[in-house]
Amino acid sequence: MGVLQVNANDENGVLCGNWSGDYSDGTPPVHWTGSLAILQEYHKSRKPVCYGQCWVFSGVLTTVMRCLGIPTRSVTNFCSAHDTQGNLTIDIYLDQRGQRLDITTDSIWNFHVWNDVWMKRPDLPEGYDGWQALDATPQEKSEGKEQGVSGEWFGVWRLHVKISHVNQPSPHLGVHQCGPSALKAIKNGEVYLAHDTKFVFAEVNADRIIWLVKDPVREPEKMIRLREHRSAVGKNISTKAVGKDMRQDITMEYKFAE
């Protein structure tokens, strides 16, 4: 339940997200300097702590997973795509005056922060053990409703020590969690593999496409592709270097050179 216990959206977890700019009834996300104070406040109040954004969610998840003995690193993706339509593209629609049309909520964020955890993946074909992307920031609901999860992985996710190895459906269907998604699957574009690999692949690899809609009122379905940017997202994917206060570039672990 690691991710679900960190965000407050579905199971009253540790941290509430807030992107409104109004933090008058809590602590602004930029004021936190570590996860200890957040976890202590949550333990004391038994209520979600206000407020966090992606880097705060990642910091708390790093602490929680490391306390469980699971190797974990915080990951920053610059020019991070948010593909709300699930088509692996960031679509921008313009009218003939060059004004953006409110057709989709696709976007590219300056940066986004999530986690990698080092785990075995007995629920996937052989060769997908190792780093797995996990995201505790409540962005979209998981695609897990169509996925199954093995007993061994389910045991880790529920924070149990041991459970049977029989396949069973995921207990967290359509909730605000993302992953685990194997970095090998993300890099190879194997978007059909569990869990949420398609979404993470788009974050680092989506194409940015600009469309012209000549008549948005009468013929909104008729459009012309004006431009396509194939290397607009997934820049300088980074984590902290081990034993050093330096950035380590891990872009090539997520994608091939563009």
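Exactly one residue out of Gly98, Gly69, Gly21 is free of Cβ contacts under 8 Å to residues at least 12 places away in the same chain and under 24 Å from Val233 (Cα atoms), and it is Gly98. Scanning segment 60-88 for residues that are open to solvent by 20 Å² or more (accessible area, probe 1.4 Å) and β-branched (Val, Ile, Thr), we see that the one that is nearest to the chain's Cα centre (by Cα) is Thr76.
Taken over segment 182-206, the residue count meeting the criterion of being in contact (Cβ under 8 Å) with a residue 60 or more places away in the chain and either among the small types (Gly, Ala, Ser) or open to solvent by 30 Å² or more (accessible area, probe 1.4 Å) (or both) is 11. Listed by first and then second residue, the pairs linking a residue in segment 78-93 that is under 30 Å from Arg247 (Cα atoms) to a residue that is modelled with pLDDT of 95 or more and among the acidic types (Asp, Glu), with Cβ atoms under 6 Å apart and 6 or more places separating them unless they lie on different chains, are Ser80/Glu203; Ala81/Glu203; Thr89/Asp207. Among residues that are of a type outside the set (Phe, Trp, Tyr), under 26 Å from Gly234 (Cβ atoms) and not in a strand (DSSP E or B), Gln85 is included. Against the test of being open to solvent by 30 Å² or more (accessible area, probe 1.4 Å), closer than 22 Å to Asn77 by Cβ, at pLDDT below 90 and over 21 Å from the mean Cα position of the chain (by Cα), the options Glu228, Glu258, Glu221 yield a single qualifying residue, Glu258. Scanning segment 231-248 for residues that are without any contact (Cβ under 8 Å) to a residue 40 or more places away in the chain and open to solvent by less than 100 Å² (accessible area, probe 1.4 Å), we see that the one that is farthest from Asp91 (Cα to Cα) is Gly243.
When Arg73 is tested against the conditions (1) part of a strand (DSSP E or B); (2) of a type in the set (Lys, Arg); (3) within 30 Å of Arg227 (Cβ to Cβ), the lone failure is (3).
Out of everything in segment 142-162 that is closer than 15 Å to Ala194 by Cβ and of a type in the set (D, E, K, R), what residue ends up being modelled with the highest pLDDT?
Here the residue is Glu143.
The values are calculated or read from the model by the stated rules, or taken from the named source; none is laboratory data. Every value quoted in this text rests on a predicted model; they were computed, and no experiment measured them. For neighbour counting, all protein chains shown are included, and Cβ atoms are generated from backbone atoms with ideal geometry for every residue, glycine included. Please note that ligands, DNA and RNA were not included when accessible areas were found on the heavy atoms of the full protein model with its side chains. Shrake-Rupley method; radii C 1.70, N 1.55, O 1.52, S 1.80 Å.
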